[in-house]
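The values are calculated or read from the model by the stated rules, or taken from the named source; none is laboratory data. These numbers were taken from a predicted model, which means no experiment stands behind them. Quick reminder, even Gly has a Cβ in these numbers, built from the backbone with ideal geometry, and neighbours come from all protein chains shown.
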Amino acid sequence: MKRCNNVEAKFFIPNLKDFTNGSGSFIGIVEDRTHDTVHTYRVYSYNTCIAEYRNGEWIINRTKYSVTTTKHQSIVAYALDVPWGNGNHWRDALLVYDIPRGENRLYWYLERNKIV
């Protein structure tokens, strides 16, 4: 896994590449891959999933947690060219809110709670 600073992470996220910052509080990791095809990629801030790529679609967690997580979320938004406003969709991204702290699988959370 490539170690980088928070700002450098914006280059790893859209390319679905593994990264971690120095403290390990901000991580991007491929969690499902077949050969060269990435099926599931997640970005975590303090063990809470803030973005998930699943089979060609991004789910972006817009829930407010802390100042640092908000910084991490804004890096994800910048990396994916998602505006930091209100709404539920942006291009191929689903924007979600009110996700509990510590949730590590966005799609499964939405499915479990019959949101998707």
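Every residue, every condition in (1) within 25 Å of Glu111 (Cα to Cα); (2) at pLDDT 95 or above, yes or no:
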{"site": "Ser23", "(1), (2)": "no, no"}
{"site": "Ile50", "(1), (2)": "yes, yes"}
{"site": "His72", "(1), (2)": "yes, yes"}
{"site": "Asn86", "(1), (2)": "yes, no"}
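Within the range 93-116, the set of residues being part of a loop (DSSP other than H, G, I, E, B), in contact with a helix residue (DSSP H, G or I) (Cβ under 7 Å, 6 or more places away or on another chain) and either within 18 Å of Asn47 (Cβ to Cβ) or of a type outside the set (A, V, I, L, M) (or both) comprises Ile99, Glu103. Kindly evaluate Val76 against the criterion of being under 14 Å from the mean Cα position of the chain (by Cα), under 23 Å from Ile115 (Cα atoms) and either without any contact (Cβ under 8 Å) to a residue 24 or more places away in the chain or outside any loop (DSSP other than H, G, I, E, B) (or both). The answer is yes for Val76. Evaluation of Asp36 against the conditions (1) more than 11 Å from the chain's Cα centre (by Cα); (2) closer than 20 Å to Tyr97 by Cα shows that the sole unmet condition is (2).
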